[in-house]
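Input: a single structure, listed below in structure tokens.
The values are calculated or read from the model by the stated rules, or taken from the named source; none is laboratory data. Quantities reported herein were computed from a predicted structural model and do not represent experimental measurements. No Cβ is skipped: glycine too gets one built from the backbone with ideal geometry, and neighbour counts run over all protein chains shown. Quick note on the areas: whole protein, heavy atoms, side chains included, nothing else; ligands and nucleic acids left out. Shrake-Rupley method; radii C 1.70, N 1.55, O 1.52, S 1.80 Å.
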Amino acid sequence: MMKKIKGFLCGFIAINILWFIASILLNTRALPNPIIVYKSFNIVIHKGILSHVAISLYRIFAGVGISLLIGIPIGYFMAKSKVVANILHPIIYFSYSIPKTALLPIAMLLLGLGDTSKVLIMFLTMVFQVIITTRDAIFYIPESIYHVGKSTGKSEWFLLRYVTFPAILPEIFTGIRINLGTALAILLIVEAYGTRLGIGYYILDSWSRMNYNEMYAGIIVISLLGAILFLCMDILIEKICKWKKQVQ
Amino acid sequence: MLEIKNLEVSYKKDYKKKIVIQDFNLTLESGKILAVMGKSGCGKSTLLHTIAGVLKFKGDILVDGKKLSAKNTKIGLIPQDYGLLPWQTVFKNCLFGVGYKDKEMENEARKMLDRLGILDLSNQYPNEISGGQAQRVALCRALLLKPQILLMDEPFSALDEVASIEAQKLTAKMWNETKSTGIIITHRLEEALYLADDIAIMANNSKGTIKHIFLNKWKGKLDVTNQEYLEFKNQIEHILMECNE
Ligand SMILES: Nc1ncnc2c1ncn2[C@@H]1O[C@H](COP(=O)(O)OP(=O)(O)OP(=O)(O)O)[C@@H](O)[C@H]1O
Ligand SMILES: [Mg+2]
């Protein structure tokens, strides 16, 4: 835990030093000195960057949450039933490769410019990965782990609750971690239109206004947001999957 | 009494059926312990899993004349790999068989863990304990069920000589108290002679037929140097050798 925070800080400092050197060498308005950017944080926060963060966080959590709620059961039934697998597999296989962000115009036309279309695109980007992770994780659970449960006549529900679910939990968490990275990346696309809020919008807007201080502040904030989300996930994984040897 | 009649068990693989046990018959009186021996791959674990209710089968398995089912008969199974759940502590693993609802059981589990000498491991995870300790956790989980039938798949084979004998003594003692009807799979003859009333040798004919059943009068005796004992042992070894050819 302390190790992770330490690593995180070292990385942060290293990147800032590189940035500092580059800004002096290039000497252009497009790459301002980090010290000036950090000085402007005061104003940036005052002008309400945190509410942009809050809106983006809400969209990320909604997207990740719904993709888990829908993806895990679908993955489960695909692993358990050949029929379900045979029906869904071609659909998922085909749509896995479609870049979901390309569907944003359609989603906006059908669902309007509001959050629904944005969360839908996030959901679509992530749900297939959740389905496939879940299906594979269940598929690779050794049959023998169910033997004792079956020999004592346990119900399907009991086995699901105490055997299948905990067995796939580490994979699910790893999947969430990957999905958080994806969600942050597509923020800049889904928040490009039809909203005046969100950290993605904030970066794009200050860019178009050529306010580079604010733009860099936005980039730093979104990076920090990503790092903090990752750190939280790592801590959560460590807490919940105590039994798993931690990989550093 | 445990009766198995015309048992047939097969595995399906790529739509092909592979029969492992066929025309299998066996009776075992209540409270008696049967040791099953035979070449690797002859179907011992398959037989055990079938009785445990894990595998589908044709034929009849009866307990006191009634069809055996996991819901009606308490079955304590100790699989070859002990079958502990890696994400549960030792304590929770012990309760897995009886369920987590009953608070009374938690006390019994503690008592049982204490008797097995592993109470201080309660909060450890299976990957933090030794093979012998894991074996005792699995034993605890099975005994808490107060099983009518206790099934053990090579429970001592992963242990070294000393740990194995200690575990056998402990198992024998516990087994005496529960009076369960038992089947134990083993590839060590000394183990079978020490623990079992009957010793069955399975043939290596891809049908899992029992080639011979020996009645063992040396149960509970260790380090016997008696001539009669050695002859008996030789006789069984001879049959075992024949099966390996
Ligand atoms: N899940 C399975 N699917 C297909 N075939 C299987 C399966 N499990 C076992 N078999 C086959 O059934 C046969 C009997 O296996 P089993 O595990 O019962 O042997 P065993 O006597 O317990 O061997 P060992 O002493 O090595 O544990 C073997 O030929 C094995 O290949
Ligand atoms: Mg076996």
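Here are the numbers for this structure:
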| item | result |
| --- | --- |
| Sequence of B:Ile213, A:Ile141 from largest to smallest accessible area, 1.4 Å probe | B:Ile213, A:Ile141 |
| Accessible area buried, both sides summed, chains A and B with 1.4 Å probe, Å² | 1900 Å² |
| B:Gln235/A:Leu69 FRET efficiency (R0 60 Å; Cβ-Cβ; nearest 0.05) | 0.40 |
| Cα-based equivalent ellipsoid of chain B: semi-axis lengths in Å, sorted from largest, via gyration tensor | 29, 23, 17 |
| Relative contact order (%) - criterion: Cα under 8 Å, at least six apart; region: the stretch B:186-245 | 33 percent |
| Antiparallel DSSP beta bridges within chain B, percent to nearest 5 | 55 percent |
| Integer Hz, Karplus 6.51/-1.76/1.60 couplings in order for the stretch A:73-80, x for Gly and Pro | x, 5, x, 4, 5, 5, 6, 8 |
| Estimated [θ] at 222 nm from DSSP helical runs (n ≥ 4, -39500 (n - 2.57)) normalised by residues in the protein assembly as shown, nearest 500 | -18000 deg cm²/dmol |
| Loop trypsin sites (Lys or Arg not before Pro), the stretch A:144-248, which have at most 15 other Cβ atoms in a 10 Å radius of their Cβ (DSSP) | A:Arg196, A:Arg209, A:Lys242, A:Lys245 |
| Kirkwood estimate for the protein assembly as shown, i.e. one over the average of 1/r between Cα atoms, Å | 27.3 Å |
| Surface accessible to a 1.4 Å probe, per residue, for the residues of chain A, Å² | 56 Å² |
| Delta accessible area of at least 50 Å² on complex formation, residues of the stretch A:153-173, 1.4 Å probe, chain isolated as reference | A:Tyr162 |
| 3J(HN,Hα) from dihedral phi, the stretch B:138-149, Karplus parametrisation 6.51/-1.76/1.60, rounded to Hz, x for glycine, proline | 5, 5, 4, 4, 6, 5, 4, 6, 6, x, 6, 10 |
| Accessible area (Å², 1.4 Å probe, nearest 10) - A:Thr182 | 50 Å² |
| Cβ-placed point charges (K, R +1; D, E -1), dipole of chain A about Cα centre in debye, nearest 20 | 440 debye |
| Among A:Pro90, A:Ile17, A:Val163 the positive-end extreme of the charge dipole of chain A (Cβ point charges) | A:Val163 |
| Carbon and sulfur %, accessible surface of chain A computed with the full protein complex present, 1.4 Å | 73 percent |
| Long-range amide H partners of B:Lys211 with built H, under 5 Å | B:Ile201, B:Met202, B:Ala203 |
| Radius of gyration, Dmax [the stretch B:2-121; alpha carbons; angstrom] | 17.3, 49 |
| Gain on full stretching of the segment that runs from A:Leu9 to A:Ile228 - 0.36 nm per residue minus C-alpha separation | 77.7 nm |
| Heavy-atom accessible area order for A:Leu68, B:Leu2, largest first, 1.4 Å probe | A:Leu68, B:Leu2 |
| The stretch B:84-202, accessible surface, carbon-and-sulfur percent (1.4 angstrom probe) | 49 percent |
| Long-range amide H partners of B:Ile21 with built H, under 5 Å | B:Val9 |
| Globularity ratio of the stretch B:58-108, using Cα Rg and 2.2 N^0.38 Å | 1.47 |
| P(r) tail fraction, the stretch A:38-247 - alpha-carbon pairs more than 33 Å apart, % | 27 percent |
| FRET E, pair B:Val162, A:Lys82, Förster distance 35 Å, beta-carbon r, rounded to 0.05 | 0.10 |
| Cβ-derived FRET efficiency at R0 41 Å, B:Ile19 paired with A:Tyr140, nearest 0.05 | 0.90 |
| Percent RCO, i.e. relative contact order, over chain B, from Cα pairs under 8 Å lying at least 6 residues apart | 27 percent |
| Antiparallel bridges, percent of DSSP beta bridges restricted to the protein assembly as shown (to nearest 5) | 55 percent |
| DSSP-assigned coil residues among trypsin sites (Lys or Arg not before Pro) in the stretch A:30-106, each with at most 16 further Cβ atoms within 10 Å | A:Lys47 |
| Computed accessible area, B:Leu170, all protein chains, 1.4 angstrom probe, square angstrom | 30 Å² |
| Cα shape, the stretch B:81-189, gyration tensor, a/c 1.5 rule | oblate |
| Within the stretch B:73-118, chymotrypsin sites (Phe, Trp or Tyr not before Pro) in DSSP loop having at most 14 other beta-carbon neighbours inside 10 Å | B:Tyr100 |
| Surface accessible to a 1.4 Å probe, A:His147 within the full protein complex, Å² | 20 Å² |
| Table column - 3J(HN,Hα) (Hz), the stretch B:218-232, Karplus curve with 6.51, -1.76, 1.60, x for Gly and Pro | 9, 4, x, 10, 9, 6, 7, 10, 3, 4, 4, 4, 5, 5, 4 |
| Contact order normalised by residue count of chain A, Cα under 8 Å, 6+ apart, percent | 27 percent |
